[in-house]
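Take a look at the structure below.
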């Protein structure tokens, strides 16, 4: 009886001991790898602690606690792929994005806001599913751009629909030195026509119904503008074609020539457009910064440089891809079937003086 009493007392004391949280080291919670032995982007980050706890690793809390690690790896690789985490909804993705970019950018007129979350998510730019959307760095034609852009795969396409990525440092190095020098000296001029059936309306691009607000914005950003009709706005801006990354100091190829130049359109589309419009009246076009035309063969050589270093992988549901927007460009492959991705961006960077960009290349 005395023995049983002692056992009960010991057991009672044991029950009073509060469980202590197991503090696992970062390397015990996640593992890193590459998609293949040949590639160094993206760096793939996966959880490994599932067997050590009853609940999945909380990606949002982990990201908050490991921002230095993530920033360091992002600067090295340019792209991080978070795979096999328990992220199942746009709302959870938004919380993850906010953990890394507390001030998400919600004023991007190039994207349509998603009808989920709290206004910080976009849908990808619409482009015909049967066509490839070529490589670009987000908002590289503007004087302000996001340093981080994140993609969340809610539903991968039945076929295709990958988001190819490219190291912008490698593109800079691969481009023929003569071509590179031309762009570094001259910069690049982007001409856009909005409204009256020409591409996006100026209201969507500038996110306002007030012409006065458009004009104030253009003046502030050193954008030449001209109202060609009641609803036809033409803008002209000169930007650098290359820049140095503000943290790493590395040169990166930094422009949207492959998005804006008519030679990147299907031949029949280009012919039809130039039959109807002059070079300056098509929805989008680009020239060297001095106004001279960029040769078709030059654009073809740039596309080849992108193609040679492109990395593509199939999306998995729940994947999150985070890019350093200056170190890595992205594209979109043709696809079949429903495809649902969400986009978020932040950590904004601004050129000091847009009016001084003509021939400096950063």
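Would you confirm whether any residue within region 224-237 is in contact (Cβ under 8 Å) with a residue 60 or more places away in the chain, under 25 Å from residue 352 (Cβ atoms) and part of a loop (DSSP other than H, G, I, E, B)?
Keep residues of region 224-237 that are in contact (Cβ under 8 Å) with a residue 60 or more places away in the chain, which gives 237.
Filter once more, keeping what is under 25 Å from residue 352 (Cβ atoms): 237.
In the following step, the residues that additionally are part of a loop (DSSP other than H, G, I, E, B) were identified as none.
Looking for residues that are in contact (Cβ under 8 Å) with a residue 60 or more places away in the chain, under 25 Å from residue 352 (Cβ atoms) and part of a loop (DSSP other than H, G, I, E, B), one finds none in region 224-237, hence no.
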Test result for residue 219, surrounded by fewer than 19 Cβ atoms within 10 Å (Cβ to Cβ), over 27 Å from residue 295 (Cβ atoms) and more than 21 Å from the chain's Cα centre (by Cα):
yes
Quick one: residue 215 ticks every box in (1) modelled with pLDDT of 95 or more; (2) closer than 21 Å to residue 135 by Cβ; (3) assigned to a helix (DSSP H, G or I) except a single one, so which number is it?
(2)
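Can residue 133 be described as touching a helix residue (DSSP H, G or I) at 6+ places or on another chain (Cβ under 9 Å) and closer than 25 Å to residue 68 by Cα? Break it down into steps so the answer makes sense when it comes.
Numbers: touching a helix residue (DSSP H, G or I) at 6+ places or on another chain (Cβ under 9 Å): yes; closer than 25 Å to residue 68 by Cα: no.
Here the answer is no, as residue 133 does not meet what is asked.
Which of the helices (runs of 4 or more DSSP H) found entirely inside region 254-362 contain at least 3 residues meeting this: within 23 Å of the chain's Cα centre (by Cα) and surrounded by fewer than 16 Cβ atoms within 10 Å (Cβ to Cβ)?
Working: elements: 257-260, 267-276, 296-309.
Because the criterion is at least 3 residues that are within 23 Å of the chain's Cα centre (by Cα) and surrounded by fewer than 16 Cβ atoms within 10 Å (Cβ to Cβ), the helices (runs of 4 or more DSSP H) in region 254-362 that meet it are 296-309.
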What are the residues in region 236-253 that are over 17 Å from residue 169 (Cβ atoms) and buried (at least 20 other Cβ atoms within 10 Å of the Cβ), if any?
237, 238, 239
The one condition residue 209 fails out of (1) more than 23 Å from the chain's Cα centre (by Cα); (2) closer than 17 Å to residue 142 by Cα is (2)
Considering only region 185-197, I want to know if a residue exists there that is more than 18 Å from the chain's Cα centre (by Cα), loosely packed, with under 15 Cβ neighbours inside 10 Å and either outside any loop (DSSP other than H, G, I, E, B) or touching a residue at least 24 places away in the same chain (Cβ under 8 Å) (or both).
yes
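The values are calculated or read from the model by the stated rules, or taken from the named source; none is laboratory data. Being a predicted model, the structure only gives us computed values, none of them experimental. Please note: Cβ atoms are built from the backbone with ideal geometry, for glycine as well, and neighbour counts cover all protein chains shown.
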